[in-house]
Each structure stands twice: as C-alpha cells, then as structure tokens.
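A short write-up of the structure that comes next.
Taken together, the values in this text are just the output of simple stated rules run on the coordinates, not laboratory data. Just so it is clear, the structure is predicted and the values come from calculations on it, not from any experiment. Here the Cβ is made from the backbone with ideal geometry for all residues, glycine too, and neighbour counts use every protein chain on show.
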Amino acid sequence: MNGSRVRWAAAVLAILSLAIAFVFGSASSASATINYGEEAAAVAKRYVGNPYKHGGTTPKGFDASGFTQYVYKNAATKMTIPRTSADQYKIGTPVSRSQLKPGDLVFYATGTKGKVSFAAIYYKNGTFIGATSKGVKVVKMSDTYWKERYIGAKRIVK
C-alpha cells in the first residue's frame, strides 16, 4: 500500500511539473511577429539598382508608383495599393516627418508644384528608396531637390 502511494504521488508531481512548465515555460510565450513596414523596406532595398522605366511596374523597369505598388504586393503585406502616386497619397494615415518609420510612403511634387507626382518607401535615417529617373536608389530626404518638393507621408501598415 505504501508503494502505491509513492507511485501515485510521483505521478501527480510529474503531471504538475509538466503543467507548470507548459504554462510558464518559454514555449507558451513564444510568438512570431513581423514588422510589415520594416519588411517592406527590406524588400524595397533588394531592388536598388534596377532601372527606371516610364510606366514600369516590374523589376525590368519601375516608375515611382509602380515601384511602391510592386513592393507592397510582393512583401509580406501582400497589399494591393493604388497605381498612381496621387492615388497612393489618398490612402493610409498621415505621418509627420519626425515620426517616419521604415515602410511608410513618402510623397513629393516633382512636376506641378504642390501636386503629388512621386512616391517612395521610407527606409531609415532620413532616407527613402524610390524609382528615380536614374533607377531605384536610396536617397537622402535632406538633399535640396527632395527637401524642396516634399509633400508628406502616409503609414499604410501597422
């Protein structure tokens, strides 16, 4: 009788130990999260050096909004965003320049003053990645040309 109590107590302790390990162990708190903005910026970086093409929407050649649209569709977001820079500017939540995060869309007036005509993806440290007339490049937002033409930014992912 004494031996069965010992086995019963050992079984109960083993079950309790497993339950405690399951509830409080690292396996139960492990989670995989993705920062969609950072991931989109990383995808954009892969295309630095690809050529510019008016109306281009593929790695064979991008225009500005074709590039942003392609990146968001092919990043983990799998988002379909509008085709033109002006229409892309109509979506998302406005973000101040001081609050920019990787993956935010930044907008510029490269044609008619005050009219959105260029979109790019904020990268980091005051830079964006965009399909300029010289191809897909990492560009400093503080460069005089871009600084003078800045319209605003939008966050389209959380």
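Tally Lys and Arg at +1 and Asp and Glu at -1 over the other residues with C-beta under 10 Å from the C-beta of LEU105: what net charge comes out?
Here the count lands on +1.
Dividing the Cα radius of gyration by the Kirkwood radius, what Rg/Rh value follows for the stretch 36-155?
Looking at the stretch 36-155, the ratio lands at 0.91.
Label ARG7 and ASP87 with points 7 Å out from Cα along Cα→Cβ: what is the distance between them in nm?
About 7.4 nm separates the two model spin labels.
Quick check: Cα centre of the stretch 84-99 to Cα centre of the stretch 102-130, how many Å?
After rounding, the separation between the Cα centres reads 9 Å.
Grab the other residues whose beta carbon is less than 12 angstrom from that of GLY49, score K and R as +1, D and E as -1, and report the net.
Combined, the nearby Lys, Arg, Asp and Glu give +4.
Report the relative contact order of the stretch 68-158, percent, no decimals, based on alpha-carbon pairs under 8 angstrom and at least 6 residues apart.
The value is 31 percent.
Pop a pseudo-label 7 angstrom from the Cα along the beta-carbon direction at both SER133 and MET79 and give the gap in nm to one decimal.
Simple spin-label model gives 2.9 nm for this pair.
Among rounded, prolate and oblate, which fits the stretch 95-136 when a ≥ b ≥ c are the square roots of the eigenvalues of its C-alpha gyration tensor, a/c under 1.5 means rounded, and a/b larger than b/c means prolate?
oblate
Going by how many other Cβ atoms sit within 10 Å of their own, how do MET141, MET79 line up, fewest first?
Arranged by neighbour count, lowest to highest, MET141, MET79 become MET79, MET141.
Sort SER98, SER117, SER65 so the one with the fewest other Cβ atoms within 10 Å of its own Cβ comes first.
SER98, SER117, SER65
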